[in-house]
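Here's the structure we're looking at; comments come further down.
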Amino acid sequence: MEKQVMEYAGGNEMAAIAIKQIGYDLMGYYPITPSTQIAEGLDTMKANGETDLIMIAAEGEHSAAGICYGAAVGGGRVINATSANGLLYAIEQFPVQSGTRYPMVMNVACRTISGPLSIKGDHSDIMFMLNAGWPILFAHQVQEVYDFNIIALKLAEAVRLPVIVAYDGFFTSHQKRKCLRFEDKMTVRDFLGPKKEEYPFLDLKNPITVGSYMNEPDLINNRYQLHLAMKEAGRRLKELFAEYEALSGRGYEKVEGYRYEDAETILLVLGSSYDTALDAVDQMRKEGKKVGAVTLHVLRPFPAKEVYTFCKNAAHILVADRQDSYGAGGGNLSIEVRSALQKYGSRTPVKSLIYGLGGKDFFVEDAIKMLEWAGNAKTPDFAYYGVTKGDWEETDAPFFAPLTAEKTKLGATQVKEEEGKVQVLGGSLNATAAIPKRLAPGHGACPGCGIPVNINLLLRAIEDPVVLLFQTGCGMIVTTAYPRTSFKVPYLHNLFQNGAATLSGLAEICYRKQKKGEIPPGDIIFIMVSGDGGMDIGMGSALGTALRGHRLILFEYDNGGYMNTGYQLSYSTPKGARSSTSHVGRQQYGKTFFHKDMPQIMAATGIPYVATMAESNPTDFIKKAAKAAYYAKTTGTAYVKALSACPLNWNDKPATERKVIETAVNCCYFPLYEVEKGKTTLNYDPEKMGRKVPVLDWLSMMGRTKHLQKETYAEVVEDMQKEVDRRFARLKARAENPIL
C-alpha cells in the first residue's frame, strides 16, 4: 500500500483533488449546480500554481462537451463535470465521443432535470446516459468519488471509451467526510501510466479521418465494436478494482451488499441512500427480521450476473428508484434488475418504489418502511413513496388582481414616430409612478439586488399589457418559489439556452389567434428577461430570434456573472474580476479576457432597436423602454440591456449600488446609447459633461475587482482602460456618422 493522508472534504472537492493529482491536460466546463464546485476548486488550485490544467469556460454545456471531444481527439487527457439539464443539453455530443472511441472522464453530480426547475439531487439525469455508450461508475460515498476518478481514467484508456463517475448531488457532492488520498501525486500517475495513442490524430505524416459518414454494413459493425468494448470494460473493471486495492487497501466490486447472504428481503438502492439503508438493516436485524441491502458501483456495463448473485437467495426484493421511466412501471434501475434476475432464472418477485425525487430526504425510517413494503403481499408491485396530498382550497379569486389595459394605459409614456425616429412624450419618473407594478414586492431577492429595480423601471414605461418569459437565473428563482408567484401578469420560464426561441413561438401563436379571432385583439408586449450569464449560453437562441425579427423585447439585466450558481465568470464579467472560476493568486489575476459587447452584437443583426440603460439615469431608462415597446409591437425585435447590481457577488454595499452603477457609466465601461434603425445615438457623454473618471475608480468600488488597485496589476488595469476607451471612441464615431 502506498502512503496516504487524511482529507475532510465533500465529493466535489475529492474529485478536484484526484483531477489535480492525475495531471489532466484540459477541462472544458460550464457552471451548473451542484457540480460547479469541481471547476471552482480546480481554478483555485490553478491560481495558486498547483496545477497547469487548461480550463476553458464554455458558453454552455454543449460547447463544453465539444471542447472536451476536440481535446480528446488531439490526444489530451480530458475532464469535464456537469449535472441535470447541462447533461441533457450536451447529450448529442456523448454518442459522438463513444462512437469514435476517444477516452475521457466526466463527473456527474446527479440532479433533478427540469421542468419544473429544481436544483436538488435525484437520478433523473444520469439515466439518460444509459444508451450513450459510456461506462458509468456510481459512487455512494465521498471516498469512492476520489477512488473512482482514478480508476475511471485507467478504464477509459484501456478500452478507449469515455467514462462517467456519478454520485448524488448535494448529498455525496457536498457533504464532507473523512477520506484518504495518496500523499504523492506520482503514486496516481504511476498507476495510470503514460497515455498511449494507437492512431495519433496530430501525426501529420500519417493523417487520419475521424467520424466518417457510414452506411450499412459499416455502422452496425461500428456499434458492434462499441458493444465489445463495453464487454471488455466489464472484464477490465474486475482487474482494475483488484489492482487499485493493492495500491490503496480499498477493495471494490461491481455490486456491494450488506447482510444479503441470508436475507429474505433485500432493498436495492443507488447512491447515498445505501448508507442510510444499512442502519435500517441493523435495526430490523435486532428485531429478528432477515433483511439486507444491495447497491451498484457500476451502471454500465450493467452487472447482471453480480446482481443475481447478491439477490438470488431473497424471497422479496424491492428496488427503490430516484427516477421514473414514465409509463414503464418502474425506474430504469428496477427494470434492469428485473431483467437481470430473469436472465439467470430467478423467479423472485421484484417490487419498485419511486422515492426521493427533487432531493427529498431519505431517512432510516423510510428504509424500514420500504423493507416492510417489500415483504407485504398486499402492497402493489409499483408505487410512488413519499407523495403528499396538498391542501386544496377551491376559489375563483386570482392570486393577484389582473392588470388590464384599462389600469395601465395612463398616457405617461406616449410614443409617436417623427422623421424616422420614435419620440417619447413624457416618461419622467413622476409621470410613470401611477402605473401599477407588474412585479409584486414579495420576492426573495437579496438586499440591494438590481434585478427588481431594473425590471420595475422597464415595466413602468410600458402601458400595454405584457407577457413575461424569464430564463433561468436569480430573477426567476427569487420570484416564483412554488406555490407563490411575484407576477401579476402572465409568466413563463424556460432554460437559459432557449428562452428567446420559446418566447418567439409564444408571440407568434398569440398573433395568429388574434388574427383568427380566437382571443381579443390588442397590443401585447412580449418580454424575455435574461441575466446571470443567460446571454452566453442563450446567445444563439437570442440571435436567431433577432434575425427572424419576431415582435418582442429581449431584456438583459447584466450583473456580470453566473450569480444564481454562486458567481462564476460570465463572458460579461469585467476583465480582472475575481469569481469562483477566475480566482486571484500567484499565477492568476482574475478573469483573463474582456467583457462581451452584447449590444453591438445584437445591433449587427439589423433589428430596429438596441439600447443600453442604467438605474442611475432613470428618465433615459424609461424613454428607451417605451421605445423598445413601440418597436416590439409594430416592427420587430428590440434588445435592451441594463447594468444590474449584485452586492453579494460584487462584494460592495447595497446602499451604494446606485453610485456604483453611475460610476460604471461615467468611466464609459457601460455607455448609454441606442441604435435605432441602424443609426447610433450617444445619449450621455460623460466627457462633455466633465464627469468622466478612470475605469479604476469604478473597479475600486467593488471587492471583486479591488485587488486591481495594487501595482502588481497595473498592466491589467491599463489594458482595461485602453479597451474601454477604444470602445467608447468607436461608439462616438458611430454617433457622429450619419449612416452608422
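What residue, among those in region 297-323 that are of a type in the set (A, V, I, L, M) and in a loop (DSSP other than H, G, I, E, B), is surrounded by the fewest Cβ atoms within 10 Å (Cβ to Cβ)? Break it down stepwise before answering.
To start, the set of residues in region 297-323 that are of a type in the set (A, V, I, L, M) comprises 298-299, 304, 307, 314-315, 317-320.
Filter once more, keeping what is in a loop (DSSP other than H, G, I, E, B): 314-315.
Details: 314: 28, 315: 13.
Within region 297-323, the match that is surrounded by the fewest Cβ atoms within 10 Å (Cβ to Cβ) is 315.
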- Message: Only one of 112, 100 is under 25 Å from residue 71 (Cβ atoms) and either surrounded by fewer than 24 Cβ atoms within 10 Å (Cβ to Cβ) or at pLDDT 95 or above (or both). Can you tell me which?
- Response: 100
- Message: Looking for something more than 25 Å from residue 600 (Cα to Cα) and free of Cβ contacts under 8 Å to residues at least 24 places away in the same chain - is there at least one such residue anywhere in region 464-478?
- Response: no
- Filtered residue count, region 687-740, keeping only those that are closer than 19 Å to residue 577 by Cα, free of Cβ contacts under 8 Å to residues at least 24 places away in the same chain and of a type in the set (Asp, Glu): 3
- Can you tell me which of 189, 101, 177, 160 is closer than 30 Å to residue 275 by Cα, assigned by TED's automatic domain parsing to the domain that holds residue 230 and not hydrophobic (A, V, I, L, M, F, W, C)? 177
- If we only count helices (runs of 4 or more DSSP H) wholly inside region 350-446, which ones have 1 or more residues that are within 30 Å of residue 174 (Cα to Cα) and at pLDDT 85 or above? 364-374
- Message: If the requirement is being among the polar types (S, T, N, Q), in a loop (DSSP other than H, G, I, E, B), surrounded by fewer than 24 Cβ atoms within 10 Å (Cβ to Cβ) and at negative phi, which of these qualifies: 605, 573, 619?
- Response: 605
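Need at least 3 residues that are more than 17 Å from the chain's Cα centre (by Cα) per element, so show me which helices (runs of 4 or more DSSP H) inside region 82-188 make the cut, counting only ones lying wholly within it.
Values: elements: 84-89, 93-99, 142-159.
Here the list reads 93-99, 142-159.
What number of residues within region 210-225 are outside any helix (DSSP H, G or I) and under 33 Å from the mean Cα position of the chain (by Cα)?
Kept after step one, since they are outside any helix (DSSP H, G or I), are these residues of region 210-225: 210-217.
In the following step, the residues that additionally are under 33 Å from the mean Cα position of the chain (by Cα) were identified as 210-213.
Qualifying residue count for the region: 4.
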- Taking region 112-130 on its own, how many of its residues are under 18 Å from residue 482 (Cα atoms) and out of contact with any Pro (no Cβ under 9 Å at 6 or more places or on another chain)? 7
- Item | Residues located in region 655-686, provided they are part of a helix (DSSP H, G or I) and either among the polar types (S, T, N, Q) or touching a Lys or Arg at 6+ places or on another chain (Cβ under 8 Å) (or both) | 656, 663, 666
- Query: Of all residues in region 226-256 being assigned to a loop (DSSP other than H, G, I, E, B) and charged (D, E, K, R), which is nearest to the chain's Cα centre (by Cα)?
  - Reply: 254
- On the given criteria, is residue 710 of a type in the set (Lys, Arg) and crowded, with 17+ Cβ neighbours inside 10 Å? no
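Let's see how each residue does on (1) in contact (Cβ under 8 Å) with a residue 24 or more places away in the chain; (2) within 26 Å of residue 66 (Cβ to Cβ); (3) assigned to a helix (DSSP H, G or I):
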{"site": "500", "(1), (2), (3)": "yes, yes, yes"}
{"site": "511", "(1), (2), (3)": "yes, no, yes"}
{"site": "514", "(1), (2), (3)": "no, no, yes"}
{"site": "520", "(1), (2), (3)": "no, no, no"}
{"site": "523", "(1), (2), (3)": "yes, no, no"}
{"site": "527", "(1), (2), (3)": "yes, no, no"}
{"site": "530", "(1), (2), (3)": "yes, yes, no"}
{"site": "546", "(1), (2), (3)": "yes, yes, yes"}
- Is it true that some residue in region 625-641 is farther than 22 Å from residue 740 by Cβ, touching a strand residue (DSSP E or B) at 6+ places or on another chain (Cβ under 6 Å), in contact (Cβ under 8 Å) with a residue 60 or more places away in the chain and in a loop (DSSP other than H, G, I, E, B)? no
- Query: closer than 27 Å to residue 131 by Cα, in contact (Cβ under 8 Å) with a residue 12 or more places away in the chain and surrounded by fewer than 22 Cβ atoms within 10 Å (Cβ to Cβ), is that true of residue 344?
  - Reply: yes
- Message: Restricting to region 580-622, name every residue that is out of contact with any helix residue (DSSP H, G or I) (no Cβ under 7 Å at 6 or more places or on another chain) and among the hydrophobic types (A, V, I, L, M, F, W, C).
- Response: 593, 601, 603, 604
- Note on the structure: Per the filter on region 514-552, residues among the charged types (D, E, K, R) and buried (at least 20 other Cβ atoms within 10 Å of the Cβ) are 532, 536, 551
- Task: Among the residues of region 281-296, count how many are surrounded by 24 or more Cβ atoms within 10 Å (Cβ to Cβ) and either assigned to a helix (DSSP H, G or I) or free of Cβ contacts under 8 Å to residues at least 24 places away in the same chain (or both).
- Result: 1
- Item | Among (1) at pLDDT below 95; (2) outside any strand (DSSP E or B), the one test that residue 493 misses | (2)
- Condition met for residue 84 (buried (at least 20 other Cβ atoms within 10 Å of the Cβ), of a type in the set (A, V, I, L, M), in contact with an Asp or Glu (Cβ under 8 Å, 6 or more places away or on another chain) and assigned by TED's automatic domain parsing to the domain that holds residue 10): yes
- Of all residues in region 590-648, how many are among the acidic types (Asp, Glu) and more than 22 Å from residue 546 (Cα to Cα)? 2
- Name every residue in region 1-57 that is part of a helix (DSSP H, G or I), touching a strand residue (DSSP E or B) at 6+ places or on another chain (Cβ under 8 Å), within 14 Å of residue 185 (Cβ to Cβ) and not aliphatic (A, V, I, L, M), in order of residue number. 21
- Task: Mind counting the residues in region 59-81 that are part of a loop (DSSP other than H, G, I, E, B), small (Gly, Ala, Ser) and crowded, with 20+ Cβ neighbours inside 10 Å?
- Result: 1
- Among residues of region 688-740 being out of contact with any helix residue (DSSP H, G or I) (no Cβ under 9 Å at 6 or more places or on another chain) and not in a helix (DSSP H, G or I), the residue nearest to residue 651 (Cα to Cα) is 710
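The values are calculated or read from the model by the stated rules, or taken from the named source; none is laboratory data. Because the structure is a prediction, the values reported are computed rather than measured. Here Cβ is always computed from backbone atoms with ideal geometry, including for glycine, and neighbour counts include all displayed protein chains.
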